[in-house]
Amino acid sequence: MRVIAGERKGMPLKAVNGNTTRPTTDKVKESLFNILGPFFNGGVVLDLFAGSGGLGIEALSRGMDQAIFIEKDGKAYQNLKENIEKCRYEDVTEAYRNDATRALKLLIKREVQANLIFLDPPYAKHSYYKMIDDIIANQIVAKDGIIVCEHDNQLDLPQKMATFTKYREEKYGSTIISFYRLEEEGE
């Protein structure tokens, strides 16, 4: 695992061994960011179920101003902290070892608003996608923001989630990435 592009291009990232997390492969990550931008002019990225932080760190390297990482697993959280330090992003990141549902409640209280949200829960935990309704209802995602959901091909996410519409879906083997944005008038 490594940073693909931007100011930290080529920086190796530490991943967790075993099957507690599924790091997004470099090939999928490169494709995902080519769809999103591939570069950003600032903004906040929220990486829920962050694992080792590969997606959020990539977004920072490509121009996001700030990242918030949420990870519950102890080993993954330790690697996340090490990767943030290795990439010298300590001053522009917040990392929390917490359950995503609890962390989301804290972000709502703080009135955090993100321009890009990565939602990549464990594949067996389909119920976590219901969090998107809370994210939208509580304006955690900015009006011009994008929600990116990584999921297995056994899960068919709906075309609409609250006021957000799936505008693109890409398949990579057994992984699907669904992209959501605010529904525009007339859609």
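Details
- Shown here for segment 84-155: trypsin sites (Lys or Arg not before Pro) in loop regions (DSSP other than H, G, I, E, B) with at most 14 other Cβ atoms within 10 Å, namely Arg88, Arg110, Lys125.
- Carbon plus sulfur fraction of accessible area for the chain, probe 1.4 Å, in percent: 46 percent
- Orientation-averaged projected area, Cα convex hull of the chain (nm²): 9.7 nm²
- Ranked by the mean number of other Cβ atoms within 10 Å per residue, highest first, peptides 36-43, 151-158 order as 36-43, 151-158.
- Shape category assigned to segment 64-127 from the gyration tensor of Cα positions, a/c cut at 1.5: oblate
- Accessible area (Å², 1.4 Å probe, nearest 10) - Met11: 40 Å²
- Dipole magnitude for the chain: about 540 debye, using +1 per Lys or Arg Cβ and -1 per Asp or Glu Cβ, origin at the Cα centre.
- Over segment 70-166, the pair-distance histogram of Cα-Cα distances with 10 Å bins from zero comes to 14, 43, 35, 8 percent, rounded to whole numbers.
- Accessible area per residue for segment 1-157, computed on protein heavy atoms with a 1.4 Å probe, is 48 Å².
The values are calculated or read from the model by the stated rules, or taken from the named source; none is laboratory data. Source: prediction; values computed, not measured. Positions of Cβ are generated from backbone atoms using ideal geometry, with glycine treated the same way; all protein chains shown enter the neighbour counts. Accessible surface is based on the protein model in full, side chains and every heavy atom, while ligands, DNA and RNA are left aside. Shrake-Rupley method; radii C 1.70, N 1.55, O 1.52, S 1.80 Å.
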